[in-house]
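The values are calculated or read from the model by the stated rules, or taken from the named source; none is laboratory data. What you see is a predicted model; the values in this text were computed from it and never measured. Cβ placement follows ideal geometry from the backbone for every residue including glycine, while neighbour counts extend to all protein chains displayed. For accessibility, only protein heavy atoms count, side chains too; no ligands or nucleic acids. Shrake-Rupley method; radii C 1.70, N 1.55, O 1.52, S 1.80 Å.
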Amino acid sequence: MLDHRSFWIANIIGLLAIYAGGAYMAFNGQPTHWLALLTAIILVAHLIEIPLAFSKLKARSPQPLRVAVLTFVLGLLWWVPASRGMFAVR
């Protein structure tokens with residue numbers, strides 16, 4: 001299951017749906033709604049993951065901006081499969 005690209009893409013789509021719901025709540029006057037707060041927590045956790053992603057992807061000579069942005073947005077849903085060669089790091 002973890003070796004299938006479709007598994008990771010399905011999870012990424014789910015994460016983007018959470019982001020869409022959180023943004024909708026935040027921009028429609030409900031920034032303390034649980035979904036908006038969950039979105040903020042996820043983004044902070046992804047920010048903390050950036051150094052870990054760099055260390056795990058070091059052997060693949062990653063492009064720094066790509067690693068930072070995609071890790072911030074997608075977190076381990078991007079860098080784990082990227083470290084296995086499923087997603088490009090350059």
- request: Output yes when any residue across the stretch 61-68 is closer than 18 Å to L15 by Cα and modelled with pLDDT of 95 or more, and no when none is.
  value: yes
- prompt: Which members of the stretch 54-63 meet the condition of being open to solvent by 80 Å² or more (accessible area, probe 1.4 Å) and without any contact (Cβ under 8 Å) to a residue 12 or more places away in the chain?
  reply: K58, A59
- request: Report yes if some residue within the stretch 44-53 is within 18 Å of R5 (Cβ to Cβ), modelled with pLDDT of 95 or more and open to solvent by 50 Å² or more (accessible area, probe 1.4 Å); otherwise report no.
  value: no
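Return yes or no: is M1 part of a loop (DSSP other than H, G, I, E, B) and either touching a residue at least 60 places away in the same chain (Cβ under 8 Å) or touching a Gly at 6+ places or on another chain (Cβ under 7 Å) (or both)?
Working: part of a loop (DSSP other than H, G, I, E, B): yes; either touching a residue at least 60 places away in the same chain (Cβ under 8 Å) or touching a Gly at 6+ places or on another chain (Cβ under 7 Å) (or both): no.
Judged against the criteria, M1 is not a match.
Give me a count of the residues in the stretch 11-39 that are assigned to a helix (DSSP H, G or I) and open to solvent by 50 Å² or more (accessible area, probe 1.4 Å). Steps first, please.
Kept after step one, since they are assigned to a helix (DSSP H, G or I), are these residues of the stretch 11-39: 11-27, 34-39.
Within this subset, residues satisfying the condition of being open to solvent by 50 Å² or more (accessible area, probe 1.4 Å) are 11, 13, 16-18, 20, 24, 27, 34, 37-38.
The total comes to 11.
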task: Those residues that are open to solvent by less than 70 Å² (accessible area, probe 1.4 Å) and either touching an Asp or Glu at 6+ places or on another chain (Cβ under 7 Å) or under 20 Å from A40 (Cβ atoms) (or both), I need them from the stretch 64-90; list them, please.
output: A68, L70, T71, V73, L74, G75, L77, W78
